[in-house]
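Chemist: Take a look at the following structure, please.
The values are calculated or read from the model by the stated rules, or taken from the named source; none is laboratory data. Treat the numbers as computed from the prediction; the structure is a model and nothing was measured. Cβ coordinates were reconstructed from backbone atoms using ideal geometry, including for glycine residues, and neighbour counts include every protein chain displayed.
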Amino acid sequence: MPGNNKNPKGNTSNALSRREFLKGVSVSAVTAAATQAEHLAAQLKDVNDEKIAGPEGAQVTLNINGVKRNLVLEPRVTLLEAIREHLNLTGQKEVCDRGTCGACTVMVDGIPQYSCMKLAIDSQDEKITTVEGLSPDGQLNKVQQAFVECDSLMCGYCTPGFVVNLTALLKSNPRPTEVEVREACSGNLCRCGTYPRIFDAALKVAGVKTKSRVQILSAKDILNA
Ligand code: FES
Ligand code: FES
């Protein structure tokens, strides 16, 4: 009977013999290896069944400003490149192209994201809003209007990114504090340094009174100065 062995002194014991032990181990090892092999085979099948796009153009459908746009794009094309170069929506700017300046900011399902850091092929099934989508019938939205009234831009290169970002902020938080506005803008750079006026514009939309930090001089003021 297995396990009923005689020890070297001739006594019967219930312990497993070394041979039986090794046989048991090798059976479990073989079983484990077989299970592992089956698992690997299943994973390999999944990988083989996966459709690999590219390197040539692939069909990509983007939902841009509420309109579905069908494009043929190489999988390496970023969302920003798709918007600017393939759809000719040039509002969002390519400045750093590496996720540091925010000039390319779009809304993705209502959340601001850098479009230079996303692949177009991965942006399907998402609602993308560019600055053009904020004023579809030519009417400026409140943030755009406030930027005009507060004179919140100089060269204007960073402006579309700020406008999209602040529109998203004011949708989710209609009465932000100045600190919240500043925090929300921390991913957008303005090299001309118009930050005080940008913050003023956002707070104006929020209906928050600020001490005007910026005095806009008229031609008459300048002449009389
Ligand atoms: S261009 Fe995308 S973050 Fe600068
Ligand atoms: S207005 Fe020129 S970079 Fe901001």
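Chemist: Here are some residues: Glu50, Glu81, Glu56, Glu74. Which one is of a type in the set (Asp, Glu), modelled with pLDDT of 70 or more and in contact with a strand residue (DSSP E or B) (Cβ under 8 Å, 6 or more places away or on another chain)?
Modeler: Among Glu50, Glu81, Glu56, Glu74, only Glu74 is of a type in the set (Asp, Glu), modelled with pLDDT of 70 or more and in contact with a strand residue (DSSP E or B) (Cβ under 8 Å, 6 or more places away or on another chain).
Chemist: In this structure, is Val95 aliphatic (A, V, I, L, M) and within 16 Å of ligand 2 (Cβ to nearest atom)?
Modeler: So Val95 fits the description; yes.
Chemist: A further question follows. Consider Lys127 carefully, then state whether it is in contact with a helix residue (DSSP H, G or I) (Cβ under 7 Å, 6 or more places away or on another chain), surrounded by 12 or more Cβ atoms within 10 Å (Cβ to Cβ) and farther than 17 Å from Thr90 by Cα.
Modeler: no
Chemist: Here's something else I'd like to know. Regarding region 194-205, can at least one residue be identified that is in contact with a helix residue (DSSP H, G or I) (Cβ under 9 Å, 6 or more places away or on another chain), at pLDDT below 95 and surrounded by 10 or more Cβ atoms within 10 Å (Cβ to Cβ)?
Modeler: no
Chemist: Considering (1) exposed (fewer than 15 other Cβ atoms within 10 Å of the Cβ); (2) within 16 Å of ligand 2 (Cβ to nearest atom), say which one Gly102 fails and leave the rest.
Modeler: (1)
Chemist: From the list Leu189, Leu140, Leu153, Leu89, exactly one residue is in contact (Cβ under 8 Å) with a residue 12 or more places away in the chain and away from ligand 1 (no atom under 16 Å from the Cβ). Which is it?
Modeler: Leu153
Chemist: Anything in region 206-225 that is modelled with pLDDT of 70 or more and outside any loop (DSSP other than H, G, I, E, B)? List them, or say none.
Modeler: Matches in region 206-225: Ala206, Lys220, Leu223, Asn224.
Chemist: Now a separate question. Among the residues of region 92-123, write down those that are touching a residue at least 24 places away in the same chain (Cβ under 8 Å), near ligand 1 (Cβ under 6 Å from one of its atoms) and part of a loop (DSSP other than H, G, I, E, B).
Modeler: Val95, Thr100, Cys101, Gly102, Ala103, Cys104
Chemist: Collect the residues in region 169-199 that are of a type in the set (Val, Ile, Thr) and in contact with a Ser or Thr (Cβ under 7 Å, 6 or more places away or on another chain), keeping them in residue-number order.
Modeler: Thr194, Ile198
Chemist: Right, here's the next one. Checking the conditions here, which among Lys118, Lys127, Lys171, Lys93 is charged (D, E, K, R) and touching a Phe, Trp or Tyr at 6+ places or on another chain (Cβ under 8 Å)?
Modeler: Lys93 is the lone residue from the list that is charged (D, E, K, R) and touching a Phe, Trp or Tyr at 6+ places or on another chain (Cβ under 8 Å).
Chemist: Within region 158-193, restricting attention to residues that are in a helix (DSSP H, G or I) and within 12 Å of ligand 2 (Cβ to nearest atom), which residue is surrounded by the fewest Cβ atoms within 10 Å (Cβ to Cβ)?
Modeler: Only one residue tops the list, namely Cys185.
Chemist: If I ask for residues that are within 19 Å of Thr167 (Cβ to Cβ), out of contact with any Gly (no Cβ under 8 Å at 6 or more places or on another chain) and buried (at least 16 other Cβ atoms within 10 Å of the Cβ), which ones from region 62-99 would you list?
Modeler: Residues satisfying the conditions are Asn63, Leu79, Leu80, Ile83, Leu89, Gly91.
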